[in-house]
Every structure is written in structure tokens, then in C-alpha cells.
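Enquirer: Sharing a structure, written as C-alpha cells. Questions coming.
Each reported figure results from applying straightforward, stated rules to the coordinates on display, with no laboratory input. Predicted model only: the values in this text are computed from it and were never measured. Because the Cβ atoms are built from the backbone with ideal geometry, glycine has one as well, and the counts that use them run over all protein chains shown.
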Amino acid sequence: MHLDAFYKDENHLEQLKTRYRNGQIGDGELKKLATEILNAFLDPIRAKRAAYDGNDDYLRSVLQKGTHNARVIAEATMREVREKIGIIQL
């Protein structure tokens, strides 16, 4: 059962597994539970994403800052790699 990754109630999860193995619970009931659990997990993410809808300037600035930070780190890493392997930059 793949609810293990998202379902926090371990006791109930073990009960569900036992009931499923014994044929006391069907796929439909588990799919409904899985849908509820996944939606509960995704709802805060969806809400946060919705808060940024239409705020293109902010999103663009975040992307530009992230790109700049990544470039700075990558340049430092590549400089260190070149020094370690003995490549001389001209």
C-alpha cells in the first residue's frame, strides 16, 4: 500500500493493510482515502501557488535572484574543480 508516504496514522494504516489482505476492504474505499490524504497534503501547496497567480513581477524577481545565486555558487565550484585538476584559466 502506497499510503505509507502520506498517511500519518500508522495504527490505522496497519489496520487498513490487514483488512485489505483479508478482503474486508476494497480498492474503491482505499482510493477514496488516498484521494482525501493526497488532497490534504496538496491543498496548502495549491493555496500558496494561487497566492502568486498574477504576481509576475515578484516571480520574475525571485527567478532572477535564484539564477544569480546559482551562478555565483557554480562559478566558485568550477573554480575549485579547475584548481584541483590543474586546469589553468587564461
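Enquirer: Please compute the Kirkwood hydrodynamic radius of region 36-83 from all pairs of different C-alpha atoms, in Å with one decimal. Please list the in-between numbers first.
Expert: Numbers: mean 1/r = 0.0740 Å⁻¹.
Its Kirkwood hydrodynamic radius stands at 13.5 Å.
Enquirer: What is the magnitude of the charge dipole of the chain about its Cα centre, with +1 placed on the Cβ of each Lys and Arg, -1 on the Cβ of each Asp and Glu, and no other charges, expressed in debye to the nearest 20?
Expert: 240 debye
Enquirer: About the Cα centre, and with charges only on the beta carbon of Lys, Arg (+1) and Asp, Glu (-1), how big is the dipole of region 1-53? Nearest 20 debye, please.
Expert: Details: 9 positive and 9 negative charges, 19 e Å.
Charge dipole of region 1-53: 100 debye, to the nearest 20.
Enquirer: Per residue of the chain, what 222 nm ellipticity follows from adding -39500 (n - 2.57) for every DSSP H run with n ≥ 4, rounded to the nearest 500?
Expert: -26500 deg cm²/dmol
Enquirer: Could I ask something else about it? Quote to one decimal, in nm, the extra length available between TYR58 and ILE87 on full extension: 0.36 nm per residue of separation minus the C-alpha distance between them.
Expert: Taking TYR58 through ILE87 to full extension adds about 6.4 nm, to one decimal.
Enquirer: In nm, what is the difference between 0.36 nm times the number of residues separating VAL72 and LYS48 and their Cα-Cα distance?
Expert: My answer for the length gained is 5.8 nm.
Enquirer: Here's a follow-up. Which order do LYS84, LYS32, LYS17 fall in if you start with the one that has the fewest other Cβ atoms within 10 Å?
Expert: In order of increasing Cβ crowding within 10 Å: LYS84, LYS32, LYS17.
Enquirer: Provide the per-residue ³J(HN,Hα) series for region 81-86, in order, calculated from phi with Karplus coefficients 6.51, -1.76, 1.60 and θ = phi - 60°, each as a whole number of Hz, with x at glycine and proline positions.
Expert: Once rounded to whole Hz, the list reads 4, 4, 5, 5, 9, x.
Enquirer: Further, regarding this structure: Express in % the proportion of alpha carbon pairs of region 17-62 at distances exceeding 12 Å.
Expert: Cα-Cα pairs in region 17-62 separated by more than 12 Å: 71 percent.
Enquirer: Give me the Kirkwood hydrodynamic radius of the chain in Å, from all C-alpha pairs, to one decimal place? Write down the numbers at each step before the final one.
Expert: Details: mean 1/r = 0.0553 Å⁻¹.
Hydrodynamic radius (Kirkwood, Cα pairs) of the chain is 18.1 Å.
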